[in-house]
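Below is one structure; the comments refer to it alone.
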Amino acid sequence: MSGGAARAQRQRRGMLMMLAAVGMFALMDAGLKTLSAHYPPFQVAAMRGLSSLPVVLAWALWTVGPMPLLRVRWPLHLLRGALGIAMMASFVYALKRLPLSTAYSIFFVAPLLITALSVPILGERVGPRRWTAIAIGLLGVLVVLRPTGAGVLSTAGLAVLVAAVAYAVSAITVRIIARSDTTQAITFWLLALMALGAGALALPDWVPLRIQHGWIIGGIGIAGALGQYTITEAFRLGEASLIAPLEYTALVWGVALDLALWGVLPDAVTWLGAAIIIASGLYLIRRENMHGESVHAEAEHP
């Protein structure tokens, strides 16, 4: 097989892995939404961490052994743990009150926030066109929220924004941690700290688990672990500029699951806001890819 054909095959496998990852995370979120009707947000966040932890720990020990899990940059991992708790608890709180599709539409602002936060935190340069795309994406969020009072500008809508900000800061932190720590350590400690921290916060209002929810909790753990594995493989096999846009297929899953499980569909204004946010995100990905190619070309031909 030629080099070009091999790259194309890897790219196709990466795209399939990304589509599978989005599906796994959507199924996990549907499980979280179901549990949110019966348990407090911090308890659901703790169950999210605990349910995937055994699978991730087995994977980490099998692939890298115990030492890389212990030799880590603890301050940054503790920060990610706190961000993970805030993100998951806020998102679960919102899922109890919003359809999946609406929550996803607002959460899609996270990639825009990552680009914006990379300037003050990582010292990266963002040009005027990308700032314009970020501003338009934020306008799309306002369309979904409808701050006139006719929409979902509520504690639930704002909770999704809190989750998106926490996710964005956590993603920026990963860029720093990944310079020294393994993927296995990054994944394991996020889940472990989320389980411990959210579990401790949930103790005062802990609700006894119901036996009938056991399969949902197990499903969340399996779907979350598979989603983490497949998204890692997706970015390993394929080019980020082609893989990342497939994250927006989560909206298709959200609409399908909302209709199948809860019998609801997003209204026209939510569709409009989601379209604005997604278009801004796709443009941003394209501009970042062009910027990366320009930097690479300048490095090769000064």
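The values are calculated or read from the model by the stated rules, or taken from the named source; none is laboratory data. What you see is a predicted model; the values in this text were computed from it and never measured. FYI the Cβ positions are ideal-geometry reconstructions off the backbone, even for glycines, and counts take in every protein chain you see. Just so you know, the surface numbers come from the protein's heavy atoms only, side chains and all, with ligands and any DNA or RNA stripped out. Shrake-Rupley method; radii C 1.70, N 1.55, O 1.52, S 1.80 Å.
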Counting heavy atoms of the protein chains only and a 1.4 Å probe, report the per residue accessible area for region 161-211 as a whole number of Å². 48
³J(HN,Hα) computed for each position of region 19-34 - Karplus, 6.51 cos²θ - 1.76 cosθ + 1.60, integer Hz, glycine/proline x: 4, 5, 4, 4, x, 4, 5, 5, 5, 4, 5, 5, x, 4, 5, 4
Please compute the alpha carbon radius of gyration of the chain, then divide it by the globular-protein estimate 2.2 N^0.38 Å. Two decimals is fine. 1.01
Out of L209, L196, L32, any idea which swings most in a Gaussian network model of the chain, alpha carbons joined below 10 Å? L209
Lys/Arg Cβ at +1, Asp/Glu Cβ at -1, dipole of the chain taken about the Cα centre: which of L251, P99, G219 is farthest positive-ward? G219
Report, to the nearest whole %, how much of the accessible area of region 138-292 belongs to carbon and sulfur atoms, 1.4 Å probe, protein only. 71
Modelled label-to-label distance, T232 and A6, 7 Å Cα→beta-carbon offset: nm? 2.4
Computed about the Cα centre, the charge dipole of region 1-142 from +1 Lys/Arg and -1 Asp/Glu charges at the Cβ has a magnitude in debye, to the nearest 20, of 320
For L203 and L242 in one chain, what is 0.36 nm times their gap in residues minus the Cα-Cα distance, to one decimal in nm? 9.7 nm
Solvent-accessible area per residue, Å², over region 59-102 with all protein chains present [probe radius 1.4 Å]: 49
Percent carbon-and-sulfur accessible area, region 1-136, ignoring ligands, DNA and RNA, probe 1.4 Å: 69
Along the charge dipole of the chain, which of G140, P208, L190 sits closest to the positive end, that is, farthest toward it, with unit charges on the beta carbon of Lys, Arg, Asp and Glu (+1, +1, -1, -1)? L190
Helix-only [θ]222 nm of the chain, DSSP H runs n ≥ 4, -39500 (n - 2.57) each, per residue, nearest 500: -26500 deg cm²/dmol
